[in-house]
1. What is the set of long-range amide H partners of Leu370 at a cut-off below 5 Å, with H atoms built 1.01 Å from backbone N?
2. Which whole-Hz ³J(HN,Hα) couplings does the range 144-154 yield from phi under the Karplus relation 6.51 cos²θ - 1.76 cosθ + 1.60, θ = phi - 60°, glycine and proline marked x?
3. Give a residue-ordered list of calculated ³J(HN,Hα) values for the range 291-307 (Karplus: 6.51 cos²θ - 1.76 cosθ + 1.60, θ = phi - 60°; whole Hz; x for Gly, Pro).
4. If you line up the long axis of helix 59-72 against the longest principal axis of the chain, both from Cα atoms, how many degrees apart are they, to the nearest 10?
5. Antiparallel DSSP bridges in the chain: what percent, to the nearest 5?
6. Of the accessible area of the range 101-222, with the probe set at 1.4 angstrom, what percent is carbon plus sulfur?
7. Please give the per residue accessible area of the chain, computed with a probe of 1.4 Å over protein heavy atoms only, in Å².
8. Rounded to the nearest whole Å³, what is the per residue volume of the convex hull around the Cα atoms of the chain?
Amino acid sequence: MLIALGIILTIIALFFTDYVSMGRVPHGKRLERCQASPNYNKTGFTNLEPTILITDNAKRKGIKSVLWSFIFSSKNGLKPKTPLESYPVNREEIEKAVRQGQDKVIWFGHSSYLLIIGGKTILVDPVFYHGSPISFINRPFKGTSYFRIHDLPFIDFLVYTHDHYDHLDYKAAKKLKHKSGMTIVPLGVGSHLEYWGFKPEKVVELDWGESYSQALDGHIPHHMEGTDTLEVERFTFNCTPARHFSGRSFKMNRTLWASFVLQTPSKCIYIGGDGGYGKHFKEIGQKYSIDWAFIENGQYNKRWAYIHTLPDQLHCVMEDLGARHYVTVHHSKFSLSQHKWDEPLGNELKAAEQSGKSLTVLQIGNPTDLK
């Protein structure tokens, strides 16, 4: 019965799916580069540590039971009963902050946020329209869907941590390709973007351990890699590991997932993306002196304990990274698991208390200083 139900749901989903939004997996020279990565095996990209997607006893039983739970379990508390409070984005205020060199962050809910640092704008995982290939599935909470691309100024750096629909919004990407500078993505994700019309020379694909630098005047100082204090001021995106998976269709792990450490003249920012707890957090924390860390907190479940951080692991992430300040994201916009929608809000407070770390709680749409 459950298999038949799954087949019916799949057929219905395919009928309503915009196939262009599914993107395109790497091929040709891009595929060759992916396959040359030390993080790629015969079937696709892999994590640094053994990682099971569904952690029930048997994989097949696990997937069926997860499907059953999503369809028939109680929906009480998964979504807020009233619209969430959010602040309208003021483009003039953003442009003023850019001109004056103010350092701020504006959170749009879930894992979408705009960083304003040193006169530059960095937009991370912007999902403003659809968090799934089917418009009526995975709708954002009321009060969180007022933001649009035209509310934003020119984006100097567009960053995608991986290609899942709740991080890579096709409609938003199509609009952003005309008002953004460089786009920074993990290996293979550029295949989707070029399929949607992004210019190849404006897309930078990175493997874990690779970096991309751009001087404040826009010059790309490749020859300055490894130099010391004599180098010009620049922005450097360091591609660092995450423990997750990828895929916009049935072809999984053909593109890489990642976190990023952004080094600027004034601050070091950790852009966490999605992922379960692992040794990489401590390794990143030991390598970089992080000022602000944006970490995942939400959409977790013990059935997928390796690919999303569980609540009792959140304080460990904070301790391992050793950042001066923390912000948690991946919550307050979509219901992708079975925990109450506001449970992550309590988790972050508890984790900050356990770790003794500084936590900043953002309000959606409200510009917040990065001190």
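1. Sorted by chain and number, the residues that satisfy this are Asp103, Lys104, Val105.
2. Listing the rounded values in order: 10, 10, 8, 7, 9, 4, 5, 6, 9, x, 4 Hz.
3. Values per residue, Gly and Pro as x: 8, 10, 10, 9, 10, 6, 7, x, 6, 8, 6, 5, 6, 10, 5, 8, 10 Hz.
4. Helix 59-72 sits roughly 90 degrees off the main axis of the chain.
5. Counting only bridges with both partners in the chain, antiparallel ones make up about 55 percent.
6. Taking all protein chains in place, the range 101-222 shows 51 percent carbon and sulfur surface.
7. So the chain comes to 46 Å² accessible per residue, rounded to a whole number.
8. So the per-residue Cα hull volume is 140 Å³.
The values are calculated or read from the model by the stated rules, or taken from the named source; none is laboratory data. This structure is a prediction, so every number in the text was calculated from the model and none was measured. When we count neighbours, we look across all protein chains shown, and the Cβ atoms used for this are built from the backbone with ideal geometry, even at glycine. For accessibility, only protein heavy atoms count, side chains too; no ligands or nucleic acids. Shrake-Rupley method; radii C 1.70, N 1.55, O 1.52, S 1.80 Å.
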